[in-house]
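The values are calculated or read from the model by the stated rules, or taken from the named source; none is laboratory data. Just so it is clear, the model here is predicted, and its values are computed rather than measured. Here the Cβ positions follow ideal geometry from the backbone for every residue, glycine too, while neighbour counts run over all protein chains shown.
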Amino acid sequence: MPGDDGLPGSVSGHNSARQPALNAKGGLSPHGARKVQDFLHENLTRKLTLAEMAAVCALSPSHFVRAFARTFGVPPHQYVLDLRLDLAERLLADNRITIADIAHSCGFSSQSHFTTMMKKYRQVTPLQARVGKLNAKVR
């Protein structure tokens, strides 16, 4: 499903299950796209390097960035950030987990970084998202 900017699965669409464009000219092979998606989901909570992601597809980092963006509609960094924010939003529904712990478990360097990214890309702070989710449960 295209995001607001017309690209498949863009950050504005909040869709971590974005479908790759498997026939995109200059993009990743279907096998490479699957491998890198699996790698990202398995390693989302730790620091990821571009070199690691590229190695999964046996590509140079610069070629990987171009092929990844053609396949997924966003650069690898943006894709990973979106996955982390999606995971964090799901965890915010459990008020027993602190926001700092959620930040750490989702791969953000600090609670401050998590808050900044959440506000920038989701237009709410983690606390606002949590309150919204808790209020939705009560209704």
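Here are some residues: Ala58, Ala67, Ala93, Ala51. Which one is more than 17 Å from Ser109 (Cβ to Cβ) and crowded, with 16+ Cβ neighbours inside 10 Å? Quick ask: steps written out before the conclusion?
Details: Ala58 fails: crowded, with 16+ Cβ neighbours inside 10 Å; Ala93 fails: crowded, with 16+ Cβ neighbours inside 10 Å; Ala51 fails: crowded, with 16+ Cβ neighbours inside 10 Å.
Every option except Ala67 fails the conditions.
Report yes if some residue within segment 30-44 is under 19 Å from Ala129 (Cβ atoms) and either surrounded by 19 or more Cβ atoms within 10 Å (Cβ to Cβ) or not assigned by TED's automatic domain parsing to the domain that holds Ala129 (or both); otherwise report no. Scanning segment 30-44 turns up at least one residue that is under 19 Å from Ala129 (Cβ atoms) and either surrounded by 19 or more Cβ atoms within 10 Å (Cβ to Cβ) or not assigned by TED's automatic domain parsing to the domain that holds Ala129 (or both).
Within the set Ser109, Ser105, the sole residue that is surrounded by 15 or more Cβ atoms within 10 Å (Cβ to Cβ), outside the structural domain of Ala33 (by TED's automatic domain parsing), under 22 Å from Phe39 (Cβ atoms) and of a type in the set (Ser, Thr, Tyr) turns out to be Ser105.
Going through (1) at pLDDT below 95; (2) under 14 Å from Leu44 (Cα atoms) one by one, Pro76 falls short only on (1).
Residue selection: Ala54 satisfies the criterion of being out of contact with any Lys or Arg (no Cβ under 9 Å at 6 or more places or on another chain), part of a helix (DSSP H, G or I) and either in the same structural domain as Leu28 (by TED's automatic domain parsing) or in contact (Cβ under 8 Å) with a residue 40 or more places away in the chain (or both). For segment 62-139, the helices (runs of 4 or more DSSP H) that sit wholly inside it and include 3 or more residues that are out of contact with any strand residue (DSSP E or B) (no Cβ under 7 Å at 6 or more places or on another chain) and closer than 30 Å to Gly26 by Cα are 76-91.
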